[in-house]
Every structure is written in structure tokens, then in C-alpha cells.
Amino acid sequence: MRTISPRTDRIRIRTTSLVATVIAALAAVLLPVATVQAASAAGTVRHGLSRPDYSYADAVREAVWVETGRDDDGDGRTDRVAADIVRPREPAAAGRKVPVIMDASPYYSCCGRGNEGQSKTYDDQGRMVQAPLYYDNYFVPRGYAVVLVDLAGTNRSDGCVDVGGPSDIGSAKAVIDWLNGRAKGYTSRTGSRPASARWSTGDVGMIGKSWDGTIANGVAATGVRGLRTIVPISAISSWYDYYFQQGAALYDSGPDWLSGYVESPAARARCAAVQQRIVDGAPRSGDWTRFWSERDYTKDAGKVRASVFAVHGMQDLNVRTKHFGQWWDALAAHGVERKVWLSQTGHVDPFDFRRDAWVSALHRWFDHYLLGVRNGVEREPGADVERAPDQWTTDRSWPPAGTEPTRLNLRSGAVPGQGGLSTAPAVPGSTAAFTDTPQEWEEDWAAGADTPSDSRAVFTTGTLKRDLRLSGSGTVTVTASSSTTSAHLSAVLVDLGPDTVRDFLGAKEGILDLATSSCWGESTEGDSACFRDTATDAADVTHTVVSRGWADLGHAASAWHGRPLVPGRAYTATVTLAATDHVVPAGHRLALIVAGTDGGMVEPPDTIPTVTLDLARSRALLPLVGGARGLAAAAPHASAAQRVADVPPAPRRTSTTVPAGR
């Protein structure tokens, strides 16, 4: 994905019968034996882990082209997608089958994968020599096949890129179908010699960062059989929310640019019609269209059969945590088994910010879900959260038990633009106003939170007596009027107080490259298992932006159709805040900033409005651990200044309130 610059338990059935008790006791003895035997078909399992028993140097390297059942490039022939395979030779020679770790990506030739930007390379027979990343080096000796799929329209695949749509998702799903004997594969791109996957168990785990992880989400949402687990890292869950949020256009481009960027030259020459459909289906108006419905995986979370191990940087300004949060909540609603790591980084792979722990966790995860090893990984804490650089805590579930949506009200202050955030209601008729200033962004607002300004409205708690933890997704509902026919809203949560954090605004979004390397698996002459080490890039700060959300006020009534605003009329809109997990320490303050254009993140509206908030009809609903009680324990006593902060009631304007959006 593009990097944005701020500036330019399973269900268990209980029974009390004696027979059931005996069966359960026998199962406790027999199942571990059966499971280890099954796992041993792929290699030795010792201490709950598969061992590197097989030669990586002697591994089978082959390419297969799988039919997708589509002809998106219009050449009169069913599109085939290329799948490059690295698998251990010894199991197949002994008649044993292995499971698959798959990374389906559009980036294998155009842009590279991982911190070192690795691309696929090939020998003179077209067999992959370098497989990007460490999955093959580490897991092939442990009895897995690694399959790297070129998405349709990229590298050596036919078809066209459609940016998360039926072609993208269908091309990866087709390979899983082929691995399970449900699709046709061939040994060449245009030939007729069939290729089978008799060496495979058909059990697949998909993994990948960014677009690759997005494909894992999308394929899981089809309910395809054989997909046992997915590991989406910094992944999109709804493509609309990559380019827009609630009608507000996010900064700098649409999906047509992205498809053109990753397509192979051959596809680019044949895919003009698909490109035009992308342009037509994704107008920069911010309107929800059928195009976006096709690319919304959250609506199909009920079809997901796979377990999910999600990883996301809480400061990812590229694929923002809104994607993780809404996907996590949708999966939870359908009882999908899941786990999460949340880091302080931006758009960074866990291999590059917590390498030892990550490879260990991933190894146990794949062993359990693909080899059937009873290693207890599914009973481990459901969430790891980075509290400070390289300092992690765990929770049994996420958000943790006792988290409740808690209402805080927006109260005006003695100084315009400087108000309070508390459970006390606002005085009826009190207001706050700001003028859209597109050259400023959230960091400017936060840095100047205590300085009066007409470019944003700031609402703060007093200095907290105890730590206050936010965990999950929140909302900010405002009733607002605009002086012009268009207006955007930004809502930003900020921890006001000094801290040391990962420098997510740095060049590598919270990490630094070192001169040393470490090796993960076995190497060949053309494919090294050694990767550059990294270290934490930390920064001392005076504030930390915790969460953010944006909306277009003209889309408050309908996500499908934005409308010009009537100047002076009141509209009610609810802005969704991106998922977060953050502890505001005692001695700090929590602030909510409401403003217009978040410069460098959101494109400005076509007018420069002054927006007036009706504070008595505005509120924040925040996911607080401990809920209202936790807030009461942390909140300061009101100072004399706070007690007199609200201004007297003002005459109310006659207005029409428009319901909030979809």
C-alpha cells in the first residue's frame, strides 16, 4: 500500500452423562497420540514444535498456473494465475502430504516484499530461485510447502488487477481450490499438461502484510474450504475505508492508480476495460457504490471458517486501525477464533519489530492449525499490546473484560475553543466553533492543544488521578452547522503528557535498520535466510495521538449520496474512531479535538467553512476499561475554573436535524 506522508474457544458441548465422561477421558488419552502421529507425517514434532528435518537445498521448486474461471483480460482464454511452490522433497518421496503456507501478492515483481524489498527471481527453466521473505527458509525444512501466488494481472499471471475485487480474491481462492482438487492447474502458462497437488493435504494458512494480508481477509470471507487460518498483517477489511471515511476522501489517489502501479506491462495493455470499470465504480465523491460493497469483507465475516491471527500497528497511517477494529468486531460477532498483536509502530511487519517472539508465535500457530499439533497456542492470551517501546502486556481477550462504551460530554470553556470533556452535561445552547484550516493537521492541533485557536475545538479532562485505559473502537457524535455548502469533520483523541514512544512518523515508522543480520532457516546460493536486523526508533514526545476518525458532513444522511449542506442548518453525524489500546497515565490529560480537514490525511472540502458545534447535542462514546466506574476513579475533581466554564445559554436557532449516516 502507499505510505502516507502527513504533509504532502471454540464451542464446547457439556454433558453430565457417565458415557460422555468416559468418552472424554479416552479422548484425552488417544487424541494427543493421533494428533502427534498426524503431525509426524510432515516431520518430527518435539516439545510441541515441528522440527527442521528436511533439506531446504533439496526442496522441490516448481511453478503451476491455475485456472481462475474468468477471462478478465478479454483474450478469449480462461485466465491462469502463477503459483510458485517450494516444498520438501522427502515427504512426497515417502508418500506423505504436507500443508501449505500461502502468500498471495501483487508485489512480487513491481515493488518487492519485506523490509529489504525482495522480489522473486527465476532460473533459466522458470523455477523460482529467490522466494521473498523467510517463510520458505524457515518452514519448508519443518514440513510445510510455501506457495507464493502472483495475483491476477501481476508478474507471471494472466487477468487484470481489480484492487480487492472478484479478480484479486478469486485468483488466490482458485489456488486453494487447486490444492484441494477443485480447480485445474497446468505446468505452463499456455500449455495443456496438467499439474496436480497430490503432495498437499489441502490445508492452507494464508499470511501477508498490507495488500497480501488484505487478500487473506477477502479469501477467508468467501468461506472457501481448506483455508484453516489466516495471518493478516496491517490488512484492509473494506477498501472503501482505505480511500474514504464516511464520505471524506482520504489523501492523494484512487484504486485506479494502484491497479496501474502493480499490473504487469502485458496486463496493462489488455486491461483498459477493467481500469475504466474501476474509475467508474470508485468516484472521488465519497459516495458508497456497488464497487465498494464487493470489496467489503466485514459483511461476509459470518462465512469465515479460518482462525485469525491479526497484527496491526496502532499508529499505521496507511492502513489505519479502523480496518482491524471493524474486522475484529465482525469476526467476534460470529464466534471466529482469533488473536491479535497491537504494536506502537506504523505500517511495519512484526518480523521487523519483535522478531524472536514473532517467529516463535507464528511457528506454534501454524503447527497447531495446519499440522494439528496440540501445543496449547489456542489457550494462550488473546492479545499482546505494546505499551511502550519493546514493552508488551497481554490480555485473555480483547478488548479486555470490563470494557464498556462510556459517554463523555463536550463542554464549552471560558476561552473560545478550549473546553472540557467529562460526564457532566453541557449547558443547553452552549457552542464551540472552528474554521477549517487545511494546512494544519492532527499533530499541529495536539501540539497546540492548550493554545487558543479558531482552527479547532479542544475538549480536555483535568489531570487524571489514576491511569485510564481505552481499548477498542469509539465514536464521536456531533450536531453541527456549516457556514458553507460543504464541510469535513475530524475527531482526534490525544494523550496530553510527556512520554517515550516509537517514532511512527520517522522514516521507517518506528524501527531502524542495523548493519548486522540474523538468519531464520536454511539458505541456498540464490535465497538467503539472513535478514537485516532492526532496532526500535524511539522519540520523546509531549503528546500522543491515540485515535482518529473523519467524516464528510454532507454524507451524514446517506453513505450512498452526499448532498450540499444548507448553511446554518444543523446536521447530526457520528464519526467512527479507529480502534486503539492506550493507557493515559495518571498525571496526563485526555483530550478530544474536533476540527475540519486533517491536512495530509484528508482532502479538503471544496469550500472553507466555519463549523459550529451544538455541545448539548454532541458527545463521545469511548471504550473505557472499567467503564464509568473506571472513569470516575481516574477523573479529577472539578476545579473552580471548570465549574464556571460553561457559557450561559444562547438563543437556539430553528433547524432541521438530519439523521446520522449508514
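Whole-Hz Karplus values for the range 215-230 come out as 4, 4, 4, x, 5, 4, 6, 7, x, 4, 6, x, 7, 8, 7, 10 Hz, taken residue by residue from phi with 6.51 cos²θ - 1.76 cosθ + 1.60 and θ = phi - 60°; glycine and proline positions read x.
With the whole protein complex present, residue 378 retains an accessible surface near 50 Å², based on a 1.4 Å probe. Counting protein heavy atoms only, the range 544-615 has 57 percent of its accessible area on carbon and sulfur, 1.4 angstrom probe.
Ranking of 608, 215 by solvent-accessible surface, largest first: 608, 215 (1.4 Å probe, protein heavy atoms only, all chains present). Cross-link reach is defined here as a Cα-Cα straight distance under 29 Å, omitting same-chain residues fewer than 8 places apart; for residue 209 the lysines meeting it are 97, 120, 173, 184, 299, 303, 322, 339, 508. Ranked by solvent-accessible area (1.4 Å probe, protein heavy atoms only, all chains present), the residues 345, 542 order from largest to smallest as 542, 345. Got a number for carbon plus sulfur as a percent of the range 378-524's accessible area, 1.4 Å probe? Carbon and sulfur together cover 53 percent of it. With protein chains left intact and a 1.4 Å probe, residues in the range 261-304 average 50 Å² of accessible area per residue.
Residue 363 contributes about 10 Å² of solvent-accessible surface, heavy atoms of the protein only, 1.4 Å probe.
Counting only DSSP beta bridges whose two residues both lie in the chain, roughly 75 percent are antiparallel. Computed with a 1.4 Å probe over protein heavy atoms only, the accessible area of residue 379 comes to about 150 Å². Peptides 587-594, 271-278 ordered by packing proxy, namely the average of other Cβ atoms within 10 Å per residue, highest first: 587-594, 271-278.
Looking at the square roots a ≥ b ≥ c of the eigenvalues of the Cα gyration tensor of the range 180-289, which shape do they give, rounded for a/c under 1.5, prolate if a/b is larger than b/c, or oblate? Here the range 180-289 falls in the oblate category. With the simple spin-label model, which puts each label point 7 Å out from Cα in the Cβ direction, the residue 109 to residue 75 separation comes to 1.1 nm.
Solvent-accessible area per residue for the range 127-173 at a 1.4 Å probe radius, Å²?
Each residue of the range 127-173 exposes 12 Å² on average to a 1.4 Å probe.
When shorter helices are ignored and each DSSP H run of at least 4 residues is given -39500 (n - 2.57), the per-residue value for the chain at 222 nm works out to -5500 deg cm²/dmol. What shape does the range 49-117 have by the C-alpha gyration tensor, where a ≥ b ≥ c are the square roots of the eigenvalues, rounded means a/c under 1.5, and otherwise prolate means a/b greater than b/c and oblate the rest? Note, shape of the range 49-117 comes out oblate.
Largest first, the residues 299, 339 sort by 1.4 Å accessible area into 299, 339.
For residue 392, nonlocal amide neighbours, meaning residues 5 or more places apart or on other chains whose placed amide H falls under 5 Å from its own, are 387. Across the range 337-346, coupling constants 3J(HN,Hα) worked out from phi with the 6.51/-1.76/1.60 Karplus curve, θ = phi - 60°, read 5, 7, 8, 9, 10, 10, 10, 8, 7, x Hz, and Gly and Pro carry x. The three principal axes of the C-alpha atoms in the chain carry coordinate ranges of 84, 63, 57 Å, sorted with the longest axis first. Accessible surface computed residue by residue for the range 454-550, with neighbouring protein chains in place and a 1.4 Å probe, gives 36 Å² per residue. With all protein chains in place and a 1.4 Å probe, the accessible surface of the range 111-174 carries 43 percent carbon and sulfur.
Scalar couplings 3J(HN,Hα) for the range 372-379, obtained by applying the Karplus form with A = 6.51, B = -1.76, C = 1.60 to θ = phi - 60°, are x, 6, 8, 10, x, 4, 6, 9 Hz; x denotes Gly and Pro. For the chain, the dipole from Cβ point charges (+1 on Lys and Arg, -1 on Asp and Glu) about the Cα centre works out to 2240 debye, to the nearest 20.
The values are calculated or read from the model by the stated rules, or taken from the named source; none is laboratory data. Fair warning: this is a prediction, and the values are worked out from it, not measured in the lab. We place every Cβ from the backbone using ideal geometry, glycine too, and count neighbours over all the protein chains shown. SASA here: full protein model, heavy atoms, side chains in, ligands and nucleic acids out. Shrake-Rupley method; radii C 1.70, N 1.55, O 1.52, S 1.80 Å.
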